[in-house]
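Written below as structure tokens is the structure these notes are about.
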Amino acid sequence: MANTSGRHFFMNPGPTNIPDRILRAMNRATMDFNSAEFKAISDECFAGLQRIFKTTQPILGYAATGHGAWEAALVNLFSPGDRVLVAETGYFSMNWGLRAEAFGLKVETLENDWRRPIDPARLEARLREDKGHEIKAVLAVHNETSTGVAHPIATMRQAIDAARHPALFCVDTISSLGSFDFRMDEWGVDVTVVGSQKGLMLPTGMSFTGVSAKAIAACALAKLPRVYWDWQRLLGQAAGQGYWNGTVPVHFFYGLQEALKMLEEEGLDNVFARHHRLAEATRRAVRTWRQNDGPEVFSTDPGAQSDTVTAVLMPEGFDADKLRAIALDRFNVSLGGGLGPLRGRLFRIGHLGDLNEPTVLGSLATVEMALDLAGVPHGKGGTQAAADYLVNEA
Ligand code: PLP
């Protein structure tokens, strides 16, 4: 029988745990979204988001998950037949590209090993070749949630500049924003895409895009049809409504207001340091399990291992989904699975959002028990190695 006593540990890399403070903030009566009271809340939220995005440029919101914000970026920036260059990072970059294809764009992939970060020199070389500036945009995922590899957005920007290429730079920060460093303006990002359910610790269902002046100018020329997603409408330049389409999900804003307070009370740098500490503890555990030909960290570049999710590759012949089923059924701990071609090959430990040391250590101990129960070879003492790191080095 499934074990459902005690707290369920939800250790997927998103959605993440919603803190009680946010749940309580959302437990409040509806208010008129046209009222001055609500406008003050929403203004506070968009200003707070600008501080998290590290931008002074507009941020637009939708009642949609990240897939909606992805689509908004595509339909606002491009016309049929436009060419975009997708930096291959994994399942999520692939899916953004598939959507671009569905809208009639020419999608070119900057091929890359899913276990490694994008090489900015290769991006620069490809853009230098594009003398006619056919490539209208580079689409990149900052933190590839399917692989646990973080990609070098700042140096990719430098590569675009070094090639003197005018392509727009669109970045998915869905599993990085508010968890590790991202700087929209300093890094010259034209479009930043994020969802509510990861670093922002909210329920799933709202997403945002930060848009640069260059992106807004591109929007004025782009011919793909759009209504709900239309940035000009959201910016208040077309229908005069401004900032939201349709009924505003006020409860999300109550939650967002509280989430922003929590992030800023802790201090963004401290939030980043906490994520790094918990990620490194997780990696120490996995490196210990790696002994005896056990599982290993999927990301092979230590400098690019994600601070929000660790993807753990199973030894050949062992099924990651079986291990996940044991963790869930026996111990009530939910781990992320492998996506696309990685299904069954790896499991993912999410360590982002509202999380602390005991939660991570409990989850690591659970994985260790599940490895034993599934008969997967591994080195003993991973949880101890994580605890030692937290006590002595973090
Ligand atoms: N991009 C990344 C990097 C993601 O991790 C996800 C979801 O996990 C998505 C896009 C899709 O976002 P959503 O599930 O909110 O539509």
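The values are calculated or read from the model by the stated rules, or taken from the named source; none is laboratory data. This structure is a prediction, so every number in the text was calculated from the model and none was measured. Cβ coordinates were reconstructed from backbone atoms using ideal geometry, including for glycine residues, and neighbour counts include every protein chain displayed. Heads up: the accessible areas ignore ligands, DNA and RNA and are worked out on the full protein's heavy atoms, side chains in. Shrake-Rupley method; radii C 1.70, N 1.55, O 1.52, S 1.80 Å.
Here region 1-28 is the region considered, the condition is being β-branched (Val, Ile, Thr) and open to solvent by less than 30 Å² (accessible area, probe 1.4 Å), and the residue that is modelled with the lowest pLDDT is Thr16. Taking each residue of region 141-162 that is more than 10 Å from the ligand (Cβ to nearest atom) and looking for partners that are of a type in the set (Asp, Glu) and open to solvent by less than 10 Å² (accessible area, probe 1.4 Å) with beta-carbon atoms closer than 8 Å, six or more apart or interchain, yields Ala150/Glu144; His151/Glu144. Report yes if Ile18 is in contact (Cβ under 8 Å) with a residue 60 or more places away in the chain, under 23 Å from the mean Cα position of the chain (by Cα) and in a helix (DSSP H, G or I), otherwise no. Answer is no for this residue. Considering (1) more than 16 Å from the ligand (Cβ to nearest atom); (2) over 19 Å from the mean Cα position of the chain (by Cα); (3) not aromatic (Phe, Trp, Tyr), the lone condition that Leu263 does not fulfil carries the number (2). For region 105-112, the condition of being open to solvent by less than 50 Å² (accessible area, probe 1.4 Å), in contact (Cβ under 8 Å) with a residue 40 or more places away in the chain and not β-branched (Val, Ile, Thr) holds for none of the residues. Filtered by the rule that a residue be surrounded by fewer than 20 Cβ atoms within 10 Å (Cβ to Cβ), more than 16 Å from Leu224 (Cα to Cα) and touching a strand residue (DSSP E or B) at 6+ places or on another chain (Cβ under 7 Å), region 81-100 gives a lone residue, Glu88.
A single member of Thr366, Thr359, Thr308 is farther than 30 Å from Lys261 by Cβ and modelled with pLDDT of 95 or more, and it is Thr366. Looking at region 120-232, the helices (runs of 4 or more DSSP H) lying wholly inside it that each contain 1 or more residues that are within 20 Å of Ala73 (Cα to Cα) and open to solvent by 10 Å² or more (accessible area, probe 1.4 Å) sit at 153-162, 213-221. You will find that of Leu352, Leu361, the residue that is outside any strand (DSSP E or B) and surrounded by fewer than 20 Cβ atoms within 10 Å (Cβ to Cβ) is Leu361 and no other. Report, by residue number, each residue of region 369-382 that is open to solvent by 30 Å² or more (accessible area, probe 1.4 Å), touching a helix residue (DSSP H, G or I) at 6+ places or on another chain (Cβ under 8 Å) and part of a helix (DSSP H, G or I). Listed by number, the residues that qualify are Met369, Leu373. Within region 6-31, the set of residues being away from the ligand (no atom under 16 Å from the Cβ), in contact with a Ser or Thr (Cβ under 9 Å, 6 or more places away or on another chain) and of a type in the set (A, V, I, L, M, F, W, C) comprises Phe9 only.
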